[in-house]
Structures are given as structure tokens and as C-alpha cells.
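The values are calculated or read from the model by the stated rules, or taken from the named source; none is laboratory data. Everything numeric here is computed off the predicted structure, so don't read it as measured data. We place every Cβ from the backbone using ideal geometry, glycine too, and count neighbours over all the protein chains shown.
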Amino acid sequence: MNLQQRPFPTPGYHIEALDGELLLFNPASDQILQTNQSGALVWQLCDGRRTVADITAVLAAAYPAAAAAITADVPDILAAFASHGAIRWQ
């Protein structure tokens, strides 16, 4: 994954909490993607201005004890979002 790519949400997708689960949901297409708190944080940082590297750096600074895991997880989370059509790239 190119760390300089800028992910942004596909129009219509939003996060919803349902029965203790976090779901990325697009009511127009009935697309649902289950995520966790980490995925929700990544989603909130996908604004089309931040690069993958920026998102990783923001989360690693906020959670320094988990910086190594964050570096590995952010690209995987973004790849999952992209494969389900929840984000696009600039």
C-alpha cells in the first residue's frame, strides 16, 4: 500500500453502533462491514486530507505502547474498507 495515498469515505457510508458492535453501513446499497474500535478510529481519520502515513502517525502518537501494532494494522484496516467499497483513494 502506498503510504502517501489519501483515503476518504465513499458517500453514504457511516459508522453505527448496534447491540455493542460497530458497523460501517451504507443504507443505499445495504452494504455492512463490521469493525472494532480501532477500525472506527481509522475511519474517523479518513478525510481525504490525511495520508495513510498521517493516520498511522496520529494513532501511534495517541497510543505509543501500541505503535508497532498500529503501523501494521492501519494498512490492513484500510485495505478491508477499500475492498468493501467503504473508502476511495486520492
Practice prompt. Could you grab me the full set of residues in the stretch 25-37 that are part of a strand (DSSP E or B) and either more than 12 Å from the chain's Cα centre (by Cα) or among the hydrophobic types (A, V, I, L, M, F, W, C) (or both)?
Written response: 25, 26, 31, 32, 33
Worksheet entry | Test for residue 73: is it of a type outside the set (Ser, Thr, Tyr) and either touching a Cys at 6+ places or on another chain (Cβ under 6 Å) or loosely packed, with under 13 Cβ neighbours inside 10 Å (or both) | no
Worksheet item: Looking at 69, 17, which one is free of Cβ contacts under 8 Å to residues at least 24 places away in the same chain, outside any strand (DSSP E or B) and over 13 Å from the mean Cα position of the chain (by Cα)?
Response: 69
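Look through 24, 33, 59, 41 and report the one residue that is buried (at least 16 other Cβ atoms within 10 Å of the Cβ), touching a helix residue (DSSP H, G or I) at 6+ places or on another chain (Cβ under 6 Å) and on the phi < 0 side of the Ramachandran plot.
After applying the criteria, what remains is 59.
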Worksheet item: Among 6, 88, which is the only one that is in contact with a Pro (Cβ under 8 Å, 6 or more places away or on another chain), of a type in the set (D, E, K, R) and in contact (Cβ under 8 Å) with a residue 40 or more places away in the chain?
Response: 88
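Tally time: how many residues in the stretch 43-54 are under 14 Å from residue 87 (Cα atoms) and not in a loop (DSSP other than H, G, I, E, B)?
Residues in the stretch 43-54 being under 14 Å from residue 87 (Cα atoms) and not in a loop (DSSP other than H, G, I, E, B): 4 in total.
Mind telling me which of the residues 3, 78, 59 ends up being among the aliphatic types (A, V, I, L, M) and either modelled with pLDDT under 95 or assigned to a loop (DSSP other than H, G, I, E, B) (or both)? Steps first, answer last, please.
Details: 78 fails: either modelled with pLDDT under 95 or assigned to a loop (DSSP other than H, G, I, E, B) (or both); 59 fails: either modelled with pLDDT under 95 or assigned to a loop (DSSP other than H, G, I, E, B) (or both).
Selected residue: 3, the only one of 3, 78, 59 that is among the aliphatic types (A, V, I, L, M) and either modelled with pLDDT under 95 or assigned to a loop (DSSP other than H, G, I, E, B) (or both).
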Discussion item. Can you tell me which condition residue 70 does not meet? The list is (1) out of contact with any His (no Cβ under 6 Å at 6 or more places or on another chain); (2) farther than 18 Å from residue 3 by Cα, and all the others hold.
Written reply: (2)
Response to the item:
The condition from (1) more than 21 Å from residue 2 (Cβ to Cβ); (2) in a strand (DSSP E or B) that residue 40 misses is numbered (2)
Worksheet item: What is the number of the single condition among (1) under 25 Å from residue 29 (Cβ atoms); (2) in contact (Cβ under 8 Å) with a residue 40 or more places away in the chain that residue 40 does not meet?
Response: (2)
